[in-house]
Amino acid sequence: MIAPRTRALLAALIGFGPGLAWFAAVAVRYRASPDRTAALALGALTALGVVGLCGVLLAWFPYTVERLGFRRLGAWLRSWWDEDAR
């Protein structure tokens, strides 16, 4: 139902919030550090990791629900999320 490009954009947008929050937390935590560039680079790198992790978890969510025993809910989520699951 959702085009692959739209799915990727949706996953990135959902992951962007926690990624931005993580970047802000790291940047504020190491703000007093004399090497501010390293703190910003660390924040950006870990924020990118958080965005990627959220995207992967979102992509695996329907299959995880199904493996937990909720077969009908998992099948419904897969049919909504993945065109090939129909």
Given points 7 Å out from each Cα along the Cα-Cβ axis, report the Asp35 to Leu68 separation in nanometres with one decimal. 4.1
For Leu20 and Phe61 in the same chain, what is the full-extension length gain: residue separation times 0.36 nm, less their Cα-Cα distance, in nm? 12.6 nm
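Bear in mind these aren't lab numbers, they're just calculated from the coordinates by the rules spelled out. In this text, all values refer to a predicted model and were calculated from it rather than measured experimentally. Because the Cβ atoms are built from the backbone with ideal geometry, glycine has one as well, and the counts that use them run over all protein chains shown.
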